[in-house]
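First up is the structure itself, then whatever we jot down about it.
The values are calculated or read from the model by the stated rules, or taken from the named source; none is laboratory data. Just so you know, these numbers come straight off a predicted model, no measurement behind them. Please note: Cβ atoms are built from the backbone with ideal geometry, for glycine as well, and neighbour counts cover all protein chains shown. The protein model used for the area step is the full one, side chains on, heavy atoms only, and it has no ligands, DNA or RNA in it. Shrake-Rupley method; radii C 1.70, N 1.55, O 1.52, S 1.80 Å.
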Amino acid sequence: GAVVSQHPSWVICKSGTSVKIECRSLDFQATTMFWYRQFPKQSLMLMATSNEGSKATYEQGVEKDKFLINHASLTLSTLTVTSAHPEDSSFYICSAPPAAGNTEAFFGQGTRLTVV
Amino acid sequence: DAKTTQPPSMDCAEGRAANLPCNHSTISGNEYVYWYRQIHSQGPQYIIHGLKNNETNEMASLIITEDRKSSTLILPHATLRDTAVYYCIVGSSNSGYALNFGKGTSLLVTP
């Protein structure tokens, strides 16, 4: 089946620095990718939709200047957490809509971000 | 808000069938019922999905009521590795497959 790869799987950074998370579709092209955030003991919350060749769309309450999304190719979307603060510590997960011939979305492995 | 309702937690003895219910009374005609599970600190894993008919694969069975307002995920012989949070989600191409996760059911499989 279709595979979505996310990197890194975990990262620790200092407050005020920026962190980039990559999401790749390995064996199919994805014009759209979704970014989710999950706080401890909570469910996944959709943050934004990444669109290849155009601006991302953000869910209400998500700061677009803080969470920069770039979808420069059909197989790669990146999420950059800028000027990270401890409250940005979370589990970030990407997903891609179904590849041709499928009807299920696939998810990356997730990235555990800890800001100290 | 999520369009599904699930019990927050369930227990199941190892080797027995785990039946996880889900209510989705506002499901629309072109929406599928998806089941994913999430083991701690991992991305969600696809289990099964269906539109109207019951479905079975190597992982589980999905029973959808005739009115499509509820469904049950069945793990026929639960193992300890099936301990996870199970999410029932409705979605379709109309939403671009941006899945709206509810709180899910935390399934604990005990020895």
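Structural remarks
- Selection count where residues are touching a strand residue (DSSP E or B) at 6+ places or on another chain (Cβ under 8 Å), part of a loop (DSSP other than H, G, I, E, B) and either surrounded by fewer than 17 Cβ atoms within 10 Å (Cβ to Cβ) or without any contact (Cβ under 8 Å) to a residue 40 or more places away in the chain (or both), scope the range A:55-91: 9
- Residues of the range A:92-116 satisfying the condition of being away from chain B (no Cβ under 14 Å) and either of a type in the set (Phe, Trp, Tyr) or part of a strand (DSSP E or B) (or both): A:VAL115
- Boolean, B:LEU75 is free of Cβ contacts under 8 Å to residues at least 40 places away in the same chain and either closer than 21 Å to A:ILE93 by Cα or not small (Gly, Ala, Ser) (or both): no
- Residue in the range B:96-109 that is of a type in the set (S, T, N, Q), more than 9 Å from chain A (Cβ to nearest Cβ) and either farther than 21 Å from A:PRO40 by Cα or in contact with a helix residue (DSSP H, G or I) (Cβ under 9 Å, 6 or more places away or on another chain) (or both) present: no
- Residue check, A:GLY61 at pLDDT 90 or above, at the interface with another protein chain (Cβ under 10 Å from one of its Cβ atoms) and out of contact with any Leu (no Cβ under 7 Å at 6 or more places or on another chain): no
- Failed criterion for B:GLY15 (all others in (1) more than 24 Å from A:VAL3 (Cα to Cα); (2) buried (at least 16 other Cβ atoms within 10 Å of the Cβ) hold): (2)
- Looking at A:PHE28, A:PHE34, just one residue is part of a loop (DSSP other than H, G, I, E, B) and either buried (at least 16 other Cβ atoms within 10 Å of the Cβ) or aliphatic (A, V, I, L, M) (or both), and that residue is A:PHE28.
- Matching residues, the range B:68-83, being open to solvent by 20 Å² or more (accessible area, probe 1.4 Å) and either at pLDDT below 95 or not acidic (Asp, Glu) (or both): B:ARG68, B:LYS69, B:SER70, B:THR72, B:ILE74, B:PRO76, B:HIS77, B:THR79, B:LEU80, B:ARG81, B:THR83
- Subset of the range B:46-70 [within 12 Å of another protein chain (Cβ to nearest Cβ), part of a strand (DSSP E or B) and over 11 Å from the mean Cα position of the chain (by Cα)]: B:GLU55
- Assessment of the range B:27-41 against the conditions (assigned to a loop (DSSP other than H, G, I, E, B), touching a Lys or Arg at 6+ places or on another chain (Cβ under 7 Å) and within 11 Å of chain A (Cβ to nearest Cβ)) yields at least one matching residue.
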